[in-house]
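The values are calculated or read from the model by the stated rules, or taken from the named source; none is laboratory data. Treat the numbers as computed from the prediction; the structure is a model and nothing was measured. Please note: Cβ atoms are built from the backbone with ideal geometry, for glycine as well, and neighbour counts cover all protein chains shown.
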Amino acid sequence: MNGGNMRESVPKVDKSGRQKSMGKKNQKKIVNPEHWFVQGVQLHGEGRLDEAVLLYQKVIQHCPNHAQALNNWGMIDHDQGLIDQAAARFRQALAIKPDFPEAMNNLASLLQQQGKLEEAQVLFLRAIQRNPEYMEAYFNLGTLYQALGQWDFAVDAFSKALKFQPNNPQILFHLGFAYQHQGQLNKAESFYRQLIKLQPQHLQALNNLGQVTLHLRQPDQTITYLRQLVALQPNFPEAWNNMGVAWDILERIYHAADCFETALEYQPNFPEALNNYGNLILKQGQPFLALEYYEQALCLNPEYVEALCNLGGVLHQVGRLDAALDMLQRARSLQPDFPSVHYNESMIRLLLGDYSLGFRQYEWRWLSKDFGPHHYGQPLWNGQPLPEATILIHCEQGFGDSIQFIRYVQQVIPLVGHVVLMCPDPLRRLFQTIPGVDVFISYFDPIPHCDCQAPLLSLPYLFGTTIETIPKVVPYLKPCPDAVVRFAQRLAHEKNAKIGLVWHGNPRQKNDRNRSMDPKHLIRLLDTPGCTFISLQTEDYDFNPNPFFRLPQFNDWTREFSDFADTAALITQLDLVISVDTSVIHLTGALGCPGWVLLPAVPDWRWLLDRSDSPWYPTLHLFRQSQPHHWEDVVERVIAQLHNWLAER
């Protein structure tokens with residue numbers, strides 16, 4: 001943001017050209033241009049510009065080579081919008097006095113405003129060469145580099161200007177702005193803070209502080225600064241919009257909605273606020289309403305890449321996959337390196353079974369706003385043999401993801417010398433049954449020396465996985481024998497079919513509203529004769545209390561689980577697991593145990609479309625919603641299938 005170029009507020013008088021005093025008797029008889037010039041400077045400083053011009057004209061009439069008068073007259077012409085005349089006077093001054101830094105600075109500023117940046121740059125640099133302490137020229141050179149997007153040079157120029165005036169608000173603002181565009185947000189925040197101490201009511205600095213702290217994931221600070229701003233100027237839609245985003249991060253939904261609505265009241269045609277409000281609405285499980293907000297944003301700005309990306313995401317969620325891909329391809333054509341576009345497209349490609357393209361695009365996840373970098377500094381393994389090397393394989397995302405893709409470790413082991421596996425503590429004891437891993441560590445343990453690293457979910461890409469080449473051998477995980485014995489003894493006398501049950505996933509998972517069900521849908525299932533149901537529902541008891549604990553045919557021992565090794569032990573003692581899409585059903589498949597998966601109409605990518613089996617888990621059978629959020633028909637089909645299954649036992 002260019003706050004305008006800088007020059008001396010009052011023209012300077014070059015006393016070296018002053019004539020000696022002539023004495024009162026002779027002053028009236030002798031023409032004294034220097035005296036008129038001094039008077040003109042005084043009037044100029046007082047804002048009496050027309051009177052100042054008359055005196056500068058008088059000076060020039062009697063002293064045509066008076067460079068300072070020409071320069072000052074050019075300054076007034078510029079202030080009055082007489083741009084061509086101002087430029088001519090600055091050039092005339094420089095023709096008379098080629099080493100005149102103030103005229104160089106003024107002409108350069110004018111040329112910069114006209115878009116003649118190369119010529120302006122030469123003049124700013126000449127002015128600084130002539131006067132190395134010329135603060136205004138350093139500042140103006142910084143604004144020129146800023147206009148060119150050369151942020152490193154801009155920072156250097158503004159920093160040099162700041163040495164001469166450490167508390168200059170204009171320099172502090174521009175230096176903060178340059179650091180903000182460089183991505184050095186902590187430095188930007190520091191300079192904006194200095195400015196706010198000097199000028200607590202600097203609106204743009206408060207707004208930029210809100211932006212910077214928002215990107216630094218400091219939403220509380222964002223809200224503090226932007227509240228100060230809107231208290232000073234309520235009609236500041238950008239501030240309301242950013243405050244809404246901050247409240248959204250804090251999961252204060254109603255506060256966020258109020259902010260977005262206020263932003264749109266002040267500026268109804270505000271694409272960013274419409275897009276962000278759409279994001280908030282989507283989180284509340286209203287994809288079709290969110291879709292309308294994204295479309296409104298795109299009507300205002302058809303090239304709004306983030307809104308195109310979000311619209312593609314919501315079209316995916318409602319099952320309009322072709323339209324979603326069209327939106328994402330439009331976004332990619334506008335900004336080929338926008339990470340979330342590639343990530344969103346990868347989800348659709350994988351769902352459609354195009355694993356070659358899908359896993360390649362999935363590698364963009366680390367740059368997308370949904371993930372962020374993983375911060376492991378070792379070189380990324382490229383999949384080639386390294387028999388003397390040690391590799392760090394680090395789990396990522398949810399427990400189910402880790403359980404599904406841990407199978408690939410067996411393909412890594414023959415290719416590298418040593419394997420260090422980093423996994424969440426709840427999976428550590430279970431994963432320690434995997435042969436060939438040399439070291440197991442958790443996220444909080446020190447990392448031993450490793451020559452390379454690989455995120456767990458990058459292994460399918462590195463191995464070129466297609467649907468046909470998925471490692472399908474199960475089981476690839478085993479339960480701990482001690483825990484197996486414990487649950488086997490408990491169930492030894494159970495005559496009925498022993499069926500594990502899960503109806504809800506982690507409520508903090510992004511798609512949990514679609515994948516989880518209200519347990520009331522399962523009440524009829526629990527009336528099935530010949531069955532004893534065992535809860536495997538471990539997620540968030542406070543959020544989702546068990547509604548079946550009083551039923552005699554229902555048992556719940558999950559509070560005895562210390563980790564997934566205990567869960568695995570119980571699963572191996574059951575005849576069947578019926579579950580929504582959670583880590584438990586992944587564990588069931590990884591153990592090679594029979595399971596039925598209850599899926600939403602548009603499932604997570606790994607379950608593909610239009611099939612009742614899974615290429616990832618041969619022992620699982622899939623039951624899909626016929627339309628979104630309709631679990632009733634899924635449960636009816638499960639009950640019918642369960643009766644058939646019981647009859648065949």
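Considering the stretch 306-345 alone, what residues qualify as being touching a residue at least 60 places away in the same chain (Cβ under 8 Å) and in a helix (DSSP H, G or I)?
Here is the first cut: in the stretch 306-345, the ones touching a residue at least 60 places away in the same chain (Cβ under 8 Å) are 316-319.
Scanning the stretch 306-345 gives 316, 317.
Looking at this structure, is residue 602 in a helix (DSSP H, G or I) and surrounded by 18 or more Cβ atoms within 10 Å (Cβ to Cβ)? Even if it seems obvious, please write down each step before you answer.
Numbers: in a helix (DSSP H, G or I): no; surrounded by 18 or more Cβ atoms within 10 Å (Cβ to Cβ): yes.
No; evaluated as a whole, the condition is false for this residue.
Looking only at residues in the stretch 607-623 that are closer than 16 Å to residue 407 by Cα and touching a helix residue (DSSP H, G or I) at 6+ places or on another chain (Cβ under 7 Å), which one is surrounded by the most Cβ atoms within 10 Å (Cβ to Cβ)?
Just the residues of the stretch 607-623 that are closer than 16 Å to residue 407 by Cα, to begin with: 614-619.
Still in the running and touching a helix residue (DSSP H, G or I) at 6+ places or on another chain (Cβ under 7 Å): 614-617, 619.
Working: 614: 20, 615: 17, 616: 20, 617: 25, 619: 17.
Checking each candidate, the answer is 617.
Does residue 349 satisfy being free of Cβ contacts under 8 Å to residues at least 24 places away in the same chain, within 23 Å of the chain's Cα centre (by Cα) and assigned to a helix (DSSP H, G or I)?
Numbers: free of Cβ contacts under 8 Å to residues at least 24 places away in the same chain: yes; within 23 Å of the chain's Cα centre (by Cα): yes; assigned to a helix (DSSP H, G or I): yes.
So residue 349 passes the test.
Which one of 251, 303 is modelled with pLDDT under 95, over 26 Å from residue 201 (Cα atoms) and part of a loop (DSSP other than H, G, I, E, B)? Before you say what the answer is, go through the steps one by one.
Values: 303 fails: modelled with pLDDT under 95.
It is 251.
Please name all residue pairs, on different chains or six or more residues apart, with Cβ atoms under 8 Å, provided the first residue is in the stretch 202-221 and is more than 13 Å from residue 233 (Cβ to Cβ) and crowded, with 22+ Cβ neighbours inside 10 Å and the second residue is modelled with pLDDT of 95 or more and of a type in the set (D, E, K, R).
209/189; 209/193; 212/189; 213/189
Got at least one residue in the stretch 268-284 being hydroxyl-bearing (Ser, Thr, Tyr) and touching a residue at least 24 places away in the same chain (Cβ under 8 Å)? Give the steps one after another, and end with the answer.
Pass one, the stretch 268-284, residues hydroxyl-bearing (Ser, Thr, Tyr): 277.
The next check asks that each one be touching a residue at least 24 places away in the same chain (Cβ under 8 Å); those that pass are 277.
Yes.
Collect the residues in the stretch 292-335 that are among the hydrophobic types (A, V, I, L, M, F, W, C), surrounded by 21 or more Cβ atoms within 10 Å (Cβ to Cβ) and farther than 22 Å from residue 246 by Cβ, keeping them in residue-number order. Before the answer, list the steps.
Pass one, the stretch 292-335, residues among the hydrophobic types (A, V, I, L, M, F, W, C): 297-300, 305, 307-309, 311, 314-315, 318, 321, 323-325, 327-328, 331, 334.
Still in the list and also surrounded by 21 or more Cβ atoms within 10 Å (Cβ to Cβ): 297, 307-309, 311, 314-315, 324, 327-328, 331.
If the condition is that a residue be among the hydrophobic types (A, V, I, L, M, F, W, C), surrounded by 21 or more Cβ atoms within 10 Å (Cβ to Cβ) and farther than 22 Å from residue 246 by Cβ, then 308, 311, 314, 315, 324, 327, 328, 331 are the ones that fit.
Could you check the stretch 250-281 and list, in sequence order, the residues that are touching a Leu at 6+ places or on another chain (Cβ under 8 Å) and within 19 Å of residue 220 (Cβ to Cβ)?
Initially, the stretch 250-281 is screened for residues touching a Leu at 6+ places or on another chain (Cβ under 8 Å), giving 253, 256-257, 260, 264, 269-271, 273-274, 277-278, 281.
Answer for the stretch 250-281, where residues must be touching a Leu at 6+ places or on another chain (Cβ under 8 Å) and within 19 Å of residue 220 (Cβ to Cβ): 253, 256, 257, 260.
Give just the number: which of (1) part of a helix (DSSP H, G or I); (2) modelled with pLDDT of 95 or more does residue 129 not satisfy?
Exception for residue 129: condition (2).
Does residue 565 satisfy the condition of being touching a Cys at 6+ places or on another chain (Cβ under 7 Å), in the same structural domain as residue 512 (by TED's automatic domain parsing) and in a helix (DSSP H, G or I)?
Working: touching a Cys at 6+ places or on another chain (Cβ under 7 Å): yes; in the same structural domain as residue 512 (by TED's automatic domain parsing): yes; in a helix (DSSP H, G or I): yes.
The answer is yes for residue 565.
What's the number of the only condition in (1) in a helix (DSSP H, G or I); (2) charged (D, E, K, R); (3) under 45 Å from the mean Cα position of the chain (by Cα) that residue 490 fails to meet?
Looking at each condition in turn, residue 490 falls short on (3).
Which pairs turn up if I take residues in the stretch 612-628 that are closer than 17 Å to residue 642 by Cα and look for partners that are among the hydroxyl-bearing types (Ser, Thr, Tyr) and in a loop (DSSP other than H, G, I, E, B) with beta carbon separation below 9 Å, at least 6 apart in sequence or on another chain?
Listed pairs, sorted by first residue: 620/614; 621/612; 621/614; 622/612; 622/614; 623/612; 624/612.
If you take the residues of the stretch 548-573 that are surrounded by fewer than 23 Cβ atoms within 10 Å (Cβ to Cβ), in contact with a helix residue (DSSP H, G or I) (Cβ under 9 Å, 6 or more places away or on another chain) and hydrophobic (A, V, I, L, M, F, W, C), which of them is farthest from residue 519 (Cα to Cα)?
561
Checking residue 376 against (1) outside any loop (DSSP other than H, G, I, E, B); (2) closer than 30 Å to residue 515 by Cβ; (3) of a type outside the set (S, T, N, Q); (4) under 29 Å from the mean Cα position of the chain (by Cα), which single condition isn't satisfied?
Only one criterion in (1) outside any loop (DSSP other than H, G, I, E, B); (2) closer than 30 Å to residue 515 by Cβ; (3) of a type outside the set (S, T, N, Q); (4) under 29 Å from the mean Cα position of the chain (by Cα) is unmet by residue 376, namely (1).
Let's see how each residue does on (1) under 26 Å from residue 183 (Cα atoms); (2) surrounded by fewer than 18 Cβ atoms within 10 Å (Cβ to Cβ); (3) out of contact with any strand residue (DSSP E or B) (no Cβ under 8 Å at 6 or more places or on another chain):
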| position | (1), (2), (3) |
| --- | --- |
| 90 | no, no, yes |
| 103 | no, no, yes |
| 106 | no, no, yes |
| 113 | no, yes, yes |
| 143 | yes, no, yes |
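To keep it simple, each residue is scored yes or no on (1) under 28 Å from the mean Cα position of the chain (by Cα); (2) at pLDDT 95 or above; (3) of a type in the set (Phe, Trp, Tyr).
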| position | (1), (2), (3) |
| --- | --- |
| 153 | yes, yes, yes |
| 158 | no, yes, yes |
| 171 | no, yes, no |
| 175 | yes, yes, no |
| 183 | yes, no, no |
| 192 | yes, yes, yes |
| 195 | yes, yes, no |
| 202 | yes, yes, no |
| 206 | yes, yes, no |
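For the stretch 73-116: of the residues being assigned to a loop (DSSP other than H, G, I, E, B) and under 19 Å from residue 139 (Cα atoms), which is nearest to the chain's Cα centre (by Cα)? Working first, answer last.
So in the stretch 73-116, the residues assigned to a loop (DSSP other than H, G, I, E, B) come out as 80-82, 97-100, 114-116.
Those still in the list that are under 19 Å from residue 139 (Cα atoms) too: 100, 114-116.
Details: 100: 49, 114: 36, 115: 33, 116: 36 Å.
Among residues in the stretch 73-116 that are assigned to a loop (DSSP other than H, G, I, E, B) and under 19 Å from residue 139 (Cα atoms), the one nearest to the chain's Cα centre (by Cα) is 115.
So which pairs qualify, if the first residue must be in the stretch 591-610 and more than 17 Å from residue 320 (Cα to Cα) and in contact (Cβ under 8 Å) with a residue 24 or more places away in the chain, the second must be polar (S, T, N, Q) and buried (at least 21 other Cβ atoms within 10 Å of the Cβ), the Cβ gap must be under 6 Å, and the two must be at least 6 apart or on different chains?
595/588
So residue 422 ticks every box in (1) in the same structural domain as residue 512 (by TED's automatic domain parsing); (2) touching a His at 6+ places or on another chain (Cβ under 8 Å) but one. Which box is left unticked?
(1)
Does residue 242 satisfy being part of a helix (DSSP H, G or I) and over 24 Å from residue 173 (Cα atoms)?
On the way: part of a helix (DSSP H, G or I): yes; over 24 Å from residue 173 (Cα atoms): no.
For residue 242, the condition - part of a helix (DSSP H, G or I) and over 24 Å from residue 173 (Cα atoms) - is not met.
Going through the stretch 322-376 one residue at a time, which ones are within 24 Å of residue 462 (Cβ to Cβ) and among the acidic types (Asp, Glu)?
Within the stretch 322-376, 337, 345, 354, 363, 370 qualify.
When residue 265 is evaluated against the numbered criteria (1) in contact with a Phe, Trp or Tyr (Cβ under 6 Å, 6 or more places away or on another chain); (2) without any contact (Cβ under 8 Å) to a residue 24 or more places away in the chain; (3) more than 23 Å from residue 341 (Cα to Cα), which criterion, by number, is the only one it fails?
It fails just one condition, (1).
Taking the residues in the stretch 245-291 that are aromatic (Phe, Trp, Tyr) and surrounded by fewer than 16 Cβ atoms within 10 Å (Cβ to Cβ) as candidates, determine which candidate is nearest to the chain's Cα centre (by Cα). Outline the logic, then answer.
Kept after step one, since they are aromatic (Phe, Trp, Tyr), are these residues of the stretch 245-291: 247, 254, 260, 266, 270, 277, 288.
Subsequent filtering for residues that are surrounded by fewer than 16 Cβ atoms within 10 Å (Cβ to Cβ) retains 254, 288.
Numbers: 254: 22, 288: 24 Å.
In this case the residue turns out to be 254.
When you check residue 532 against the structure, is it of a type in the set (Val, Ile, Thr), over 30 Å from residue 280 (Cβ atoms), in contact (Cβ under 8 Å) with a residue 24 or more places away in the chain and out of contact with any helix residue (DSSP H, G or I) (no Cβ under 8 Å at 6 or more places or on another chain), yes or no? Give the derivation first.
Values: of a type in the set (Val, Ile, Thr): yes; over 30 Å from residue 280 (Cβ atoms): yes; in contact (Cβ under 8 Å) with a residue 24 or more places away in the chain: yes; out of contact with any helix residue (DSSP H, G or I) (no Cβ under 8 Å at 6 or more places or on another chain): yes.
Yes.
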